[in-house]
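Every number here is computed from the coordinates shown, using simple stated rules; none is lab data. Here the structure is a predicted model, which is why all the values come from computation and not from measurement. Here Cβ is always computed from backbone atoms with ideal geometry, including for glycine, and neighbour counts include all displayed protein chains.
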Amino acid sequence: MGRTSDARERIVRAAARLFLARSYVSVGVGEVCAAAEVRKGSFYHFFPSKADLAIAVIDLHAAGLHDRLDRGAHADPAEALFAIPDTIGEIQLGFESRFGQVVGCPFGNLATELATCEDAVRAHLSTLFASWTGKLTATCRRAAEAGLLRADTDPDRLAHLLLACAQGTIMLAKVDRSPAAGIPEALRGLINAHLTEEVAA
């Protein structure tokens, strides 16, 4: 058995890995405990239910996503805008390298599985997606103020489109077993379609 001092972190990281490799539903508490090298008693000390573990996994992935997005957001408006596909691509290429294929977005995967049956998880994901949209919106508004976007482009709508495109492209790449490299390419294409002619040129 591993150290008790980091038992919670090991449980969350083991669950995050197993949920991506398989799914939330197909992974049992016993498997998570075995992978984390903890006893079930330790699991239930930290997590009253498996749904509580799912929320902790969401927070783990969200911390990594927000850290990457925040780093890119402080660049100049053009670099910050294209840091969005770069960041999502970096994450997806990392998953592909680790698991040997595209395994999906951790948030999208859990939303698909749990949004209709675990309301606490659904609400947590809704808050996460709202926060993510807020960060994208701030970046798109900066791009608009800098004159990078076409006059008929609503930066708030573009932010929503980028999130929707990311989720849809990742899901299709997972289903089609297509390379992760296509995910940031699709997002860059969406951004390019909303740039002014001068910037796009």
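Quick notes on this structure:
- With a cut-off of 14 Å between beta carbons, the residues surrounding Leu190 carry a summed charge of 0, where Lys and Arg count +1 and Asp and Glu -1.
- On a per residue basis, the convex hull of the C-alpha atoms belonging to segment 1-74 measures out at 94 Å³.
- Partner lysines for Lys40 [C-alpha distance under 16 Å; skip if fewer than 8 residues away on the same chain]: Lys50
- Note on Ala115 and Ser178: the extension gain reaches 20.1 nm, defined as 0.36 nm multiplied by sequence separation minus the Cα-Cα distance.
- Over the C-alpha atoms of segment 104-201, the Rg to Rh ratio, Rh being the Kirkwood estimate, stands at 1.04.
- Evaluated over the Cα positions of segment 54-97, the convex hull gives a direction-averaged projected area, one quarter of its surface, of 3.3 nm².
- Share of pairwise Cα separations in segment 6-162, more than 26 Å, in percent: 35
- Descending Cα extents along the principal axes, segment 81-134, whole Å: 32, 29, 11
- Extreme residue, positive dipole direction of the chain, given options Thr133, His194, Gly94 (C-beta unit charges): Gly94
- Span from the segment 69-146 Cα centroid across to the segment 2-33 one, whole angstrom: 22
- Between Leu195 and Arg150, the built amide H atoms are under 5 Å apart, and every one of these is 5 or more places off in sequence or on another chain.
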